[in-house]
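*Asks:* Here you go, one structure.
We did not get these values from a lab; they are worked out from the coordinates using the rules stated. Because the structure is a prediction, the values reported are computed rather than measured. Cβ atoms come from the backbone with ideal geometry, glycine included; neighbour counts cover every protein chain shown.
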Amino acid sequence: MNMNGVAVARMPRPVVQAGTVLIRVRYSLVSVGTEVAPLRSSSVSAPDTPAIERGLDRARLLKHYFHASLRDPRKAVRRISQIAEQRLLRARQSAVARAGTAPAPAQVSSDLNAQGWAIGYSVAGEVVAVGDGITDLAPGDLVAAAGAGQANHADYVNVSRNLVCRVPPGCDLRHAASATVGAIALQGVRRAAPQLGERVSVVGLGLIGQITIQLLKAAGCRVIGLDPDAGRVKRALALGLDAGASDVDAYKALVRDATAGHGADRTLLTAATSSHTVVNLAMELTRAKGTVVIVGDVGLNVDRAAFYRKEIDLLMSTSYGPGRYDPAYEAEGHDYPYPYVRWTLNRNMQAYLELVSSGRMNFEALIDRVVPIDEAPMTYAELAKAEDALPLGVLIRYPDEQERQPEPTRVTLAGHRRATGTRINYALVGAGAFGTAMLVPQMQKRADRYFLRGVVSRTGMQGSNFARDKQVEILTSDLDAVLNDPGFQLVVIATRHHEHADQVVRSLAAGKHVFVEKPLAISWDGLERVVRTYSTMTTAPLLMVGFNRRFSPALQTLKERLAGRRSPLMIQYRLNAGYIPLDHWVHGAQGGGRNVGEACHMYDVFRFLAGAPARSIDAAAIDPRELPYARNDNFAATITYDDGTVASLVYTALGPKSGIGKEHITVFCDGEAFIVDDFRKLTRASDGSMLWQSGEPDKGHFEELSRLGDAIATGGAAPIPFEEIVETSSVALQVEDLIHGRTAGWTT
């Protein structure tokens, strides 16, 4: 989806990973309110928006596009062409719709326009493969899956285990596709904790509201519902609602009469509105000491008087249930202990599907439309322009196994740029911010050397959007698709740290040159595998690790100044790293901590300036006790070198955000001192003379990649010798062992 509508884009089939389940989707549920809202806001102007405000919004948008076009004119031209093509396509679709004829199959001339964001979060289908660590599911099992960014509308999805549940016998897969919204409704009911015989008010009778009513009835409650759409009230009454109204005053009377004037025991807000009147209406409807649960997205400017006077419990219901938005649960697969968290999001999904299977939950009555995937774009366009009430249950149906073509893990994008000349064809592995916003732009500056031919990404639309924007040829979810292609000479690895060592080993073994963003490895075992692979190769490709600071103008100039020195160096490096919360991925198993993940830069600087191997290492860290600080981002390390140099690093996350720079290096030698300040300037201390200066920090990213490209093209040596790369990586791992009191694995 983008602001122009919805497209069915060609994507590589996901690759199953440890802890994930690869699912061939049969049905996915359209969350009509959430998914169609952006399209309606862009296609239907609010009638009460003043003309001057619409004019100002348009002026701001034009100003944004004008400045963007100045920054990248070629991209602006491409974007204008894409917009024109999209509008032409929509015009043709509208003409077809007016003629009442079925659309002819689209001829794919370019895949590059299909940029946007993935939508959908509730699917049902068949397990194709399971990752390492999953033993309770197997290929062929029928499952439902949840999660925005994972269980999207797609032929195949790769979903973390805790977001997948079995479909019980007797449960239609069409109904199972509603497991996500069913879990949302069920969690709202659990938060309300209704008791048998209570009177419960439900405000908002959309899809979740309709499910909520049935769940409350199954729990033995008397339910009164409100929705401004009289048709939805009528549908709810047919599904068991005891009483309902579309008029607020009439609804108040219903609640009053059903509760003998006391007010509802519980009120669940399943509406979607930015207005604050809904939550305040709930306060009015609910009895003293009662409970109000917010399930939908409503305004929260609560009138304190009724809230306070009645002493009402106001609760928030978080999506599918406990575990939602917890990376340890969702991404890492750590389940909550059954005796302590009885109803996790996964167990909520399972319980909902069991209610559907038993017949106590009727989802069939809520299905208004089932459309094949090929008709999805036109369906969204119709929903966006609809003036009548929107349907409730809309399902997308995917081809069955006989109709379905095998989906490859590699897609060749139609309309891609073609390589010319003898440039180095490379693939970006990992389409995160650093790879896309730092590495690729720096390599684009050497267009005479580099050509971006492929993108390897498991992150769905993020990698897809980048690949299409850069007009690359190959988009794949599988690194092997690049390694087995002789048309790639270089692999640029910018994935999370825990994957680096394995990807480097595989790439080297495939005969590819490798640039890997630091660190090379986050464990001794990983480093040993890299060394063993590289050392046993007769003619090894070039291996470069992103230790860019040694290539910065400041350190290159300093190195020249130190040439011919008589004394060893005394190096003092202070890094005011800034605080990162302990639940961030850099501190976990994927990051390896900030010493291994970032301080390795500093150890490479020491090795570069000393020009000699390390001799000894010592390190000590703070004792954080109960405070939320990590040892491996608050420590001091001292390394001595064979030439007599002593280098010390103070790395801390305890410093301020302002008033002191991030990186400060002082080098003492031969009666002189040199100061590098945040890689903006290099000064000589004795007379204050400026040896190098720049308005922006230059940490050497362009120079390192430029030298690598030259080395590959000319058959020269790697910009950093392999032995130095291994030594720097070893120093980081040794420091990590020392600051945690472990037996060190590094030897001189």
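*Asks:* Looking at region 140-298 only, what percent of DSSP beta bridges run antiparallel? Nearest 5 please.
*Replies:* Counting DSSP beta bridges with both partners in region 140-298, the antiparallel share is about 15 percent.
*Asks:* Using mean Cβ contacts within 10 Å as the protection proxy, how do 551-561, 334-344 order, highest first?
*Replies:* 551-561, 334-344
*Asks:* Please list 410-422, 286-298, 155-167 highest first by mean number of surrounding beta-carbon atoms within 10 Å per residue. Walk me through the intermediate numbers first.
*Replies:* On the way: 410-422: 14.0, 286-298: 20.6, 155-167: 23.5.
Answer by packing, highest mean first, reads 155-167, 286-298, 410-422.
*Asks:* (1) 31.2; (2) 27.0; (3) 29.6: which one is Kirkwood radius over Cα pairs in Å as calculated from this entry?
*Replies:* Answer label, from the structure shown: (3).
*Asks:* Continuing with this model, one more query. Which entries of 657/681; 512/662; 252/385 show an alpha-carbon separation above 27 angstrom in the structure shown?
*Replies:* Over 27 Å apart, Cα to Cα: 512/662; 252/385.
*Asks:* Then there's this: Charges only on Cβ, +1 for Lys and Arg, -1 for Asp and Glu: so what's the dipole of region 549-739 about the Cα centre, in debye to the nearest 20?
*Replies:* Computed charge dipole of region 549-739: roughly 380 debye.
*Asks:* Provide 443, 3, 438 in ascending order of the number of other Cβ atoms located within 10 Å of each residue's Cβ, fewest first. Walk me through the numbers before you get to the answer.
*Replies:* On the way: 443 25, 3 10, 438 19.
By the 10 Å Cβ count, ascending: 3, 438, 443.
*Asks:* For residue 110 and residue 570, calculate 0.36 nm times their separation in residues minus their Cα-Cα distance, and state this gained length in nm to one decimal. Intermediate results must be reported in sequence, preceding the final value.
*Replies:* Working: separation 460, 0.36 × 460 = 165.60 nm, distance 5.85 nm.
The residue 110-residue 570 span can extend by a further 159.7 nm.
*Asks:* What's the magnitude of the charge dipole for region 180-317 around its Cα centre, counting Lys and Arg as +1 and Asp and Glu as -1 at the beta-carbon? Answer in Debye, nearest 20.
*Replies:* The calculation lands at about 280 debye.
*Asks:* Here's a follow-up. Quick check on packing: order 500-506, 376-382, 120-126 by the mean number of other C-beta atoms within 10 Å, highest mean leading.
*Replies:* Ranking, from highest mean packing down: 120-126, 500-506, 376-382.
*Asks:* When DSSP assigns beta bridges and you keep just the ones with both residues in region 410-545, what percent turn out antiparallel, to the nearest 5?
*Replies:* 15
*Asks:* Sticking with this structure for a sec: For region 355-379 and region 667-681, compute the distance between their C-alpha centroids and round to whole Å.
*Replies:* With region 355-379 and region 667-681 each reduced to a Cα centre, they are spaced 69 Å.
*Asks:* So for region 180-317, averaging the separation of alpha carbon pairs under 8 Å that are six or more residues apart and normalising by length, what relative contact order in percent results?
*Replies:* Normalised by residue count, the contact order of region 180-317 is 24 percent.
*Asks:* With unit charges on the beta carbons (Lys and Arg positive, Asp and Glu negative) and the dipole taken about the Cα centre of region 221-282, which residue among 238, 273, 263 sits farthest to the positive side?
*Replies:* Value: 238.
*Asks:* Quick check: from the Cα gyration tensor, does region 413-453 come out rounded (a/c under 1.5), prolate or oblate?
*Replies:* oblate
*Asks:* What shape does region 633-748 take by its C-alpha gyration tensor, where a ≥ b ≥ c are the square roots of the eigenvalues and a/c under 1.5 counts as rounded, a/b above b/c as prolate, and the rest as oblate?
*Replies:* Oblate, because a/c is 1.5 or more while a/b does not exceed b/c.
*Asks:* Let me ask something else. Just the number, please: percent antiparallel of the DSSP beta bridges in the chain, rounded to the nearest 5.
*Replies:* Details: 60 of 114 bridges.
Once the DSSP bridges in the chain are tallied, antiparallel ones form about 55 percent.
*Asks:* Right, next: Select from region 593-662 those trypsin sites (Lys or Arg not before Pro) which occupy a DSSP coil region and have at most 16 other Cβ atoms within 10 Å, ordered by residue number.
*Replies:* 625, 657, 662
*Asks:* Next question, about the same structure. I'd like the Karplus ³J(HN,Hα) series for region 723-735: coefficients 6.51, -1.76, 1.60, θ = phi - 60°, whole numbers in Hz, and an x wherever there's a Gly or Pro.
*Replies:* 4, 6, 4, 5, 4, 4, 5, 5, 4, 4, 5, 5, 4
*Asks:* Okay, moving on. How big is the gap, in Å, between the Cα center of region 554-625 and the Cα center of region 187-266?
*Replies:* Using only Cα atoms to place each centre, the spacing works out to 63 Å.
*Asks:* Sticking with this one: What angle, in degrees between 0 and 90 and rounded to the nearest 10, separates the Cα long axis of helix 248-258 from the longest principal axis of the Cα atoms of the chain?
*Replies:* 70
*Asks:* Which of the three applies to region 529-653, rounded, prolate or oblate, going by the alpha-carbon gyration tensor with a ≥ b ≥ c and a/c under 1.5 meaning rounded?
*Replies:* In terms of gyration-tensor shape, oblate.
*Asks:* With only Lys, Arg, Asp and Glu charged, each at its Cβ (+1 for the first two, -1 for the last two), find how big the charge dipole of the chain is about the Cα centre; round to the nearest 20 debye.
*Replies:* Dipole size: approximately 1400 debye.
*Asks:* Turning to a different aspect of this structure: Rule-of-thumb check for region 410-545: C-alpha Rg over 2.2 N^0.38 Å? Before the final figure, lay out the partial values.
*Replies:* Values: Rg = 14.3 Å, N = 136, 2.2 N^0.38 = 14.2 Å.
Cα Rg divided by the expected 2.2 N^0.38 Å: 1.00.
*Asks:* What percent does the relative contact order of the chain come to when contacts are Cα pairs within less than 8 Å and at least six residues apart?
*Replies:* RCO, the chain: 11 percent.
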